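K.L.:
Below are the structure tokens for one structure; questions will follow.
The values are calculated or read from the model by the stated rules, or taken from the named source; none is laboratory data. As the structure is a prediction and not an experimental result, all values here were calculated from the model. All Cβ positions, even for glycine, are placed from backbone atoms using ideal geometry, and neighbour counts span all protein chains on display. Accessible surface is based on the protein model in full, side chains and every heavy atom, while ligands, DNA and RNA are left aside. Shrake-Rupley method; radii C 1.70, N 1.55, O 1.52, S 1.80 Å.
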Amino acid sequence: MSPEAQEFLGTFASETFYYWASVFMLLIHAGFLAYEGGASRTKNVLATMVKNLLTLASVGLAFFFFGWWVYNAFPLFPVTGGILGPWTNPEQSETIQSAMELVEASYPWSPALAPNTGDHLTGVFFFAFALFAMTTASILSGALIERVKVGAYLVLSVVLGAFTWVVGAAWGWNPFGWFVTNLGYHDFGCSAIVHGISGFFALGVLINLGPRVGKYDEAGNPRPILPHNLPLTMVGLMLIFVGFYAFLAACVIFLPGYTGETTIYGTPMTLASIGVNTTLALAAGLVGAYISSKSEPFFTISGGLAGIITVGAGLDLYHPALVIVLAFAGAFLMPKVIVAIEKAGIDDAVGAVGVHGVCGLLGAVLTGIFAAGYPQGADIPPINFVGQLIGALVSVVLLGFIPGYGVSWLLKRFNLLRVSREEEVMGLDIADLGIEGYPEYPTMTLISNITKGVGGNGISQAPTSSELAMD
Amino acid sequence: MSSPFSTFEEFSAAKGPIYTFANSPGVITFLILLSALISLYFLYASFGMKNEFAKPTDETGAIALLIATGVSALLSLVPGYSPSQRLEANDLRPTAARAHVSPRATLPGVLMGLVSMTGLATGRNRQRPRRRPARSMRRRQG
């Protein structure tokens, strides 16, 4: 084989790896679609799924226009430098010179993103990051189902998916990021950067959005609004698990000329360890949530996700036995957090704050304890508890909760956040789309019209749309 | 510190274990035991999950015995664990000559675990015989 062919083989290996990892990451979205659709009621199933589907459009386009640039332009801002762009002089320092090569490749007009035989990798990294961005926004989508306006959700998805989490990634998931260079922050699987930010962003939005009609009784006690298709929700989560393997694989860096795999921070790792640790985190997470929730199906399957997120930040370093213990603990905690949030009057339809927000925050902080002392570079502090805590808190509060609360508050002020009570009672399938998800089947509305009262199993259900309409 | 490395040069050039506590086998042993306990507790808990799990069930001892028997049965499969296998290891006869003996040496232990598992499951499902409806009731249904 000629040296040119051998060199190209290395390029092709990287290009192919990230391409297919990103394709498999799309399963996360197929999973979220099924998960949210199943978690909604029959009157909202189509609107819920369409809203989730549109995430691919809103975030995909916004990520092309500015999200990809934000990732490359914000690592130094505001601690070690400014925002990098066409106005930046690359001669200022070696760091800026290296960073500017990536910035210039991330403008929408950059030749690097278009078909270009001189650059095989910028496009696949854009692809992978765009899928990360869509995942982050999809987490928000589930929490808001059955009452948010589609337009409001799309605005929120752009803010979260193409800006705030990307700033978090620039700071804490980028070798030039000031979280990394100044604090020694380490978040291999994006526990706080993706999950923490999106979970707390969702919390901020939920405070302004308010609970679904009928979620709380007069005394403020929560009532169950049951998923219309729990099996679909469970299949959705299984798809998310599959996508997560790809997501975490895409966090491994292997570039042409490399003699080993590294993390985004340049520390050594193996793809095999991700396979082992993700599998064990999934298993232990299911166990933790199963025991904690006393075998409640929704919590149990969410436990797999909670387990992976809890160990995500240190997945490249943890011993498998440590993964089991931590994933179990995180997933055991998760149902308690979700119940506490519900009792506090926040209607998080899919438990996004508990699963993603709290487990993500926990995951980043735990790395400061259980992976403390790992060196990350010549002039970079080793992994430490304070660095992890600061990085995680800045992520979830400054880039998660505050923007989520602020943007949703603005939308609420202009009456753009929530659908009207009438539309909510009627169901968003009819209100938004003009068609029902199950036109040929007897829906709960029809059954409740016939039975007029307590559910067949003797358990009092949340008021149905027809009852509320009569009210 | 959980890191086995003190400098980045050492870490980046590592050609071996890089995981947390790689230099503290005691911690790893403890974590493996803890994770094994979690796994066993999971099996135990799954039997009484819907029966107010916080309260110990009447069958706590039986379930613990089942798990212990199952684990010991599985251990008997580990080469060199059971006395019969140790004897077998010292046997210098050709493998073909011993082939018919070895399954009998390991299977009883495994089977004991499986049989006790079946027995317990049967015990748990045992219910009071359903009382036949009174004749007057049957007549009314008819």
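K.L.:
So if I check each of A:Ser198, A:Ser138, which one is farther than 15 Å from A:Val394 by Cα and at pLDDT 95 or above?
P.N.:
After applying the criteria, what remains is A:Ser138.
K.L.:
Out of the residues in the range B:34-48 meeting the condition of being of a type in the set (A, V, I, L, M) and more than 15 Å from A:Val323 (Cβ to Cβ), tell me which one is nearest to the other protein chains (Cβ to nearest Cβ).
P.N.:
This residue is B:Ala45.
K.L.:
Taking the condition acidic (Asp, Glu), at pLDDT 95 or above and open to solvent by 50 Å² or more (accessible area, probe 1.4 Å), does A:Glu4 pass?
P.N.:
Spelling it out, it is not the case that A:Glu4 is acidic (Asp, Glu), at pLDDT 95 or above and open to solvent by 50 Å² or more (accessible area, probe 1.4 Å).
One line per residue, one yes/no per condition, for (1) hydroxyl-bearing (Ser, Thr, Tyr); (2) open to solvent by less than 10 Å² (accessible area, probe 1.4 Å); (3) not in a loop (DSSP other than H, G, I, E, B):
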| position | (1), (2), (3) |
| --- | --- |
| A:Ala340 | no, no, yes |
| A:Val350 | no, yes, no |
| A:Val353 | no, yes, yes |
| A:Gly363 | no, yes, yes |
| A:Gly373 | no, no, no |
| A:Ala378 | no, no, no |
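K.L.:
Within the range A:380-419, can you find the residues that are at negative phi, of a type outside the set (D, E, K, R) and outside any helix (DSSP H, G or I)?
P.N.:
A:Ile380, A:Pro381, A:Pro382, A:Ile383, A:Asn384, A:Phe414, A:Leu416, A:Leu417, A:Val419
K.L.:
Between residues in the range A:406-427 that are surrounded by fewer than 19 Cβ atoms within 10 Å (Cβ to Cβ) and residues that are polar (S, T, N, Q), which pairs lie under 6 Å by C-beta distance while being six or more apart or on different chains?
P.N.:
Sorted first by the residue in the range A:406-427, then by its partner, the pairs are A:Trp409/A:Asn208; A:Lys412/A:Asn208.
K.L.:
Another one. For a quick check of your reading of the model, give me the residue pairs whose first member lies in the range A:366-384 and is closer than 13 Å to A:Asp187 by Cβ and more than 8 Å from every other protein chain (Cβ to nearest Cβ), whose second is surrounded by fewer than 20 Cβ atoms within 10 Å (Cβ to Cβ) and modelled with pLDDT of 95 or more, with beta-carbon atoms closer than 6 Å and at least 6 apart or on different chains.
P.N.:
A:Gly368/A:Phe385
K.L.:
Name the residue, out of A:Asn72, A:Asn52, that is buried (at least 18 other Cβ atoms within 10 Å of the Cβ), farther than 17 Å from A:Ser141 by Cα and in contact (Cβ under 8 Å) with a residue 24 or more places away in the chain.
P.N.:
None of the others qualify; the one that does is A:Asn72.
K.L.:
Here's a follow-up. For A:Gly345, all conditions in the list (1) more than 11 Å from chain B (Cβ to nearest Cβ); (2) surrounded by fewer than 24 Cβ atoms within 10 Å (Cβ to Cβ); (3) assigned to a helix (DSSP H, G or I) hold save one; what is the number of the exception?
P.N.:
(3) is the only condition that A:Gly345 fails.
K.L.:
A follow-up question, please. Taking the condition over 27 Å from A:Leu398 (Cβ atoms), surrounded by fewer than 23 Cβ atoms within 10 Å (Cβ to Cβ), within 14 Å of another protein chain (Cβ to nearest Cβ) and in contact (Cβ under 8 Å) with a residue 40 or more places away in the chain, does A:Pro335 pass?
P.N.:
no
K.L.:
Taking helices (runs of 4 or more DSSP H) that fall entirely within the range A:96-213, which contain at least 1 residues that are hydroxyl-bearing (Ser, Thr, Tyr) and crowded, with 24+ Cβ neighbours inside 10 Å?
P.N.:
Output list reads A:122-143, A:150-159, A:197-209.
K.L.:
Condition test on B:Phe21, is it open to solvent by less than 50 Å² (accessible area, probe 1.4 Å), at pLDDT 95 or above, within 30 Å of A:Ile274 (Cβ to Cβ) and aromatic (Phe, Trp, Tyr)?
P.N.:
yes
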